[in-house]
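Student: Sharing a structure below in structure tokens format, with a few things to ask.
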């Protein structure tokens with residue numbers, strides 16, 4: 001191949017809920033990061049892989065930067081900072097629907113701490129904003145820093161301008177061969193992806209502080225010998241008995257809903273019918289307990 005290929009790492013930063021995981025999934029072309037209306041849904045650095053004839057982008061989806069209130073929150077922020085120190089390009093995301101605020105300004109200014117990475121500004125959710133608002137947002141975002149390599153409005157949902165973003169980011173990457181073999185969409189393990197699908201289903205419709213209290217532990221994933229069924233057994237871990245009651249719901253109705261929603265995604269991922277056994281367990285104040293955080297993989 002005579003054409004030069006480029007490859008490297010890109011991550012998207014911004015306040016919680018600006019559409020970073022939705023953008024990651026749209027670029028990769030399949031669901032590798034769960035999405036939810038709840039802030040701080042993403043809890044790990046999840047890598048999605050985008051291949052183009054001109055090169056490969058490895059997209060690292062990270063938690064949103066926020067003011068931590070727990071040990072878990074501190075660890076998530078540390079994780080983001082570690083990722084930002086390693087990537088080649090940082091995409092700073094602001095939704096077209098909201099004015100640039102103090103949180104955006106703080107994050108944009110903090111990018112000074114990562115001089116190695118090139119910076120791109122992205123105005124997300126253009127499908128739900130009119131032209132005037134998009135223009136206003138582009139002007140506001142452009143003024144935040146002088147070193148933007150590009151300022152791009154896009155919609156991950158309608159895929160408008162996604163190719164523009166891909167081309168711009170690839171052009172900023174160092175020259176070199178692909179970092180992952182072709183045909184791989186993520187380096188996440190099957191267990192991790194199944195756990196995330198269960199957590200996404202459990203997050204649906206829960207209120208306030210509960211989302212942050214939910215963690216998932218996979219006990220077993222095994223194909224049955226005598227049928228096309230795969231058995232998946234998992235624990236939904238919460239911090240208090242009252243939360244356990246919410247997750248289970250009246251006569252188990254809510255837990256059944258969670259199972260039904262999660263099973264659909266897991267069957268698509270595994271390519272087989274699934275029996276999903278869910279149990280709810282209480283681990284008191286696990287977000288603040290270093291030992292329990294370690295057990296839960298944080």
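A short reminder: the numbers here are calculations on the coordinates, not readings from a lab. This one's a predicted model, so the numbers in the text were calculated from it and none came from an experiment. Because the Cβ atoms are built from the backbone with ideal geometry, glycine has one as well, and the counts that use them run over all protein chains shown.
Student: Bin width 5 Å, alpha-carbon pairs only: give the P(r) of the stretch 75-123 as whole percents, running from 0 to the bin holding the largest distance.
Tutor: Reading upward from the zero bin: 5, 19, 28, 26, 16, 7, 0.
Student: Which FRET efficiency value, to the nearest 0.05, do you get for residue 291 and residue 192 by plugging their Cβ-Cβ distance into 1/(1 + (r/R0)^6) with R0 = 30 Å?
Tutor: Computed FRET efficiency for residue 291 and residue 192 comes out at 0.90.
Student: Could you list, bin by bin from short to long, the percent of Cα-Cα pairs of the stretch 158-229 in 5 Å steps?
Tutor: 3, 10, 12, 12, 14, 14, 14, 13, 6, 2, 0
Student: Sticking with this one: Just how many % of Cα pairs in the chain lie over 26 Å apart, if you round to the nearest whole percent?
Tutor: The share of Cα pairs beyond 26 Å in the chain comes to 48 percent.
Student: Right, another one. What are the semi-axes of the equivalent ellipsoid of the stretch 206-298, taken as the square roots of 5 times the eigenvalues of the Cα gyration tensor, listed largest first and rounded to whole Å?
Tutor: 26, 16, 10
Student: Continuing with the same structure: Of the peptides 179-185, 288-294, how do they stack up when ordered by the mean number of other Cβ atoms within 10 Å, highest first?
Tutor: Output ranking for 179-185, 288-294: 288-294, 179-185.
Student: Right, something else. Grab the Cα-Cα distance for residue 284 and residue 70, subtract it from 0.36 nm times how many residues apart they are, and report the gain in nm with one decimal.
Tutor: 75.7 nm
Student: For a test of the definition: using alpha carbon positions, the gyration tensor, and the 1.5 limit on a/c, classify the stretch 6-172 as rounded, prolate or oblate.
Tutor: rounded
Student: Once you've got the GNM for the chain with C-alpha springs shorter than 10 Å, pick whichever of 234, 109, 178 has the biggest mean-square fluctuation.
Tutor: 109
Student: Same structure again: Write down the percent of antiparallel bridges among all DSSP beta bridges whose residues are both part of the stretch 190-295, to the nearest 5.
Tutor: 45
Student: I want to check the label-to-label distance for residue 164 and residue 116. Put each point 7 Å from Cα in the C-beta direction and report it in nm to one decimal.
Tutor: 3.1
Student: Using a Gaussian network model on the chain with a 10 Å cutoff between Cα atoms, which of 251, 125, 284 fluctuates the most?
Tutor: Greatest mean-square fluctuation among the candidates belongs to 251.
Student: Relative to the first principal axis of the alpha-carbon coordinates of the chain, what is the inclination of helix 162-172, with its axis defined by its Cα atoms, in degrees from 0 to 90 and to the nearest 10?
Tutor: Value to nearest ten degrees: 70.
Student: Mind pulling the angle between the C-alpha long axis of helix 253-270 and the longest principal axis of the chain? Nearest 10 degrees, somewhere in 0 to 90.
Tutor: 60
Student: Follow-up question, since we're still on this one. Calculate the FRET efficiency for residue 135 and residue 269 from the Cβ-Cβ distance with a Förster distance of 41 Å, rounded to the nearest 0.05.
Tutor: Calculated transfer efficiency: 0.55.
Student: Within 10 Å of each residue's Cβ, count the other Cβ atoms and sort 281, 295 from fewest upward.
Tutor: With the sparsest Cβ surroundings first, the list reads 281, 295.
Student: By its C-alpha gyration tensor, with a ≥ b ≥ c as the square roots of the eigenvalues, how is the stretch 250-298 shaped: rounded for a/c under 1.5, else prolate for a/b larger than b/c, else oblate?
Tutor: Here the stretch 250-298 falls in the oblate category.
Student: I've got another one for you. Using Cβ counts within 10 Å as a stand-in for footprinting exposure, how do 266, 221 rank, fewest first?
Tutor: Arranged by neighbour count, lowest to highest, 266, 221 become 221, 266.
Student: On a C-alpha basis, how far is the centre of the stretch 84-101 from the centre of the stretch 120-154 in Å? Whole number, if you could?
Tutor: A separation of 10 Å, based on Cα centres.
Student: Ranking 250, 233 by Cβ neighbours within 10 Å, fewest first, what do you get?
Tutor: By the 10 Å Cβ count, ascending, the order reads 250, 233.
Student: Extending each Cα 7 Å along its Cβ direction at residue 142 and residue 179, get the distance between those two points in nm, one decimal.
Tutor: The two pseudo-label positions are separated by 3.1 nm.
Student: Would you mind getting me the FRET efficiency between residue 171 and residue 253? Use the beta-carbon distance for r and R0 = 41 Å, nearest 0.05.
Tutor: Working from the Cβ atoms, E equals 0.20.
Student: Provide the gained length on full extension for the span residue 98 to residue 229, in nm with one decimal, where the gain is 0.36 nm per separating residue minus the Cα-Cα distance.
Tutor: The residue 98-residue 229 span can extend by a further 42.6 nm.
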